[in-house]
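Bear in mind that the values in this text are calculations on the coordinates, not laboratory data. On a predicted model such as this, the values are computed, not experimentally measured, just so you know.
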Amino acid sequence: MPLSVSTPLARSESVVFAELGDQVVMLDTKAGRYYELDAVGTRVWELLEGRLSMAGLRDALTAEFDVDGETCLNDLSGFLEELAALGLVAAALDGAEGG
């Protein structure tokens, strides 16, 4: 099921991660798989700590990077759908609004 633009998102609790410079290395402890994020993916991962919605993430990223809102949302949607399919992110269960 596609993620909603307005639903707050959260990192999976089964993921442990470490920052290495401007990258994040993650281990999904349930699946036993490692993942690595580039600088922009790392920034998205950091912002997910605040349980932002896709719209909130777009707003934060367009303020930090030279990208228009539509392009950012398109790229972000694909990236977050991929993370969700891997079980690394999901809709926040506590209903916290983060943007």
Taking Cα pairs under 8 Å and at least six residues apart, what relative contact order does segment 9-87 come out at, in percent? 23 percent
For the chain, what class follows from the C-alpha gyration tensor (a ≥ b ≥ c being the square roots of its eigenvalues): rounded when a/c is under 1.5, otherwise prolate if a/b is larger than b/c, else oblate? oblate
Within the set Gly41, Gly87, Gly21, GNM on the chain using Cα springs under 10 Å gives the largest fluctuation to Gly21
Top of Ala18, Ala55, Ala85 by mean-square fluctuation, Gaussian network on the chain, Cα under 10 Å: Ala18
Restricting to DSSP H runs of at least four residues, report the calculated mean residue ellipticity at 222 nm for the chain, -39500 (n - 2.57) per run over all residues, nearest 500 deg cm²/dmol. -11500 deg cm²/dmol
